[in-house]
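Chemist: There's a structure below that I have some questions on.
Every number in this text was worked out from the coordinates using simple rules, so none of it is lab data. Just so you know, these numbers come straight off a predicted model, no measurement behind them. A quick note on method: Cβ atoms are made from the backbone with ideal geometry, for glycine too, and the neighbour counts reach across all protein chains shown.
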Amino acid sequence: MAGPEPDHYRLSDDERDQALERLRTALEEGRLDFDEHEARSTTALNAVTNLDLVPLFEDLPARLRPGSVTGTADTAPATRGSAPVERGAAEHGKVDRKDRGPNLGGLIGWSGFLFLVWGLPAIMSGNVTSIAVFFGFFFLLVVPGLTTVIMRRRRGGGSGELGSG
């Protein structure tokens, strides 16, 4: 690695998060495969000092190295190409999650609410028409989103995490 050796100190949570963000950017750019990204991310999460992070970024471009590795106070996020960013949040590096597809936790919550409020009373009434209407709306509202989440997970898209926000 070019440049002076960084000082030896304990990492903060923010510095670990920054390292994970830079590794995620390397994955998105195709510089790391999924297995290598997972291994490096696990090492970054378990890193105690800034020197523990140095081997993770030696074969990556300098712009992807976090400040704790380069020995600088650089805390700006790495350039992510065309990743969508929330309005007014660019300076905070927050990623816009609107384009990631349905949230599995939200779908499960919505399904449970719909069933308790409408499905259960329809089933208990025994009216075939009301049961059929309930299942029609249920499948129309919930199943497409659930199918999207399942298909993205099978392709490795990783969207629809439980509890993600």
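Chemist: In which sequence would D13, D52, D7 go, from the one with the fewest C-beta neighbours within 10 Å to the one with the most?
Modeler: Values: D13 7, D52 18, D7 10.
With the fewest neighbours first, D13, D52, D7 line up as D13, D7, D52.
Chemist: So how far apart, in nm, are the two label points at F138 and F113 if each is 7 Å from Cα heading toward Cβ?
Modeler: 1.7 nm
Chemist: A further question on this structure: Around L45, what is the net charge, scoring Lys/Arg as +1 and Asp/Glu as -1 over all other residues with Cβ under 13 Å from its Cβ?
Modeler: Details: positive: R16, R24, R40; negative: D13, E15, D17, E21, E38, D52.
My count for the surroundings of L45 gives -3.
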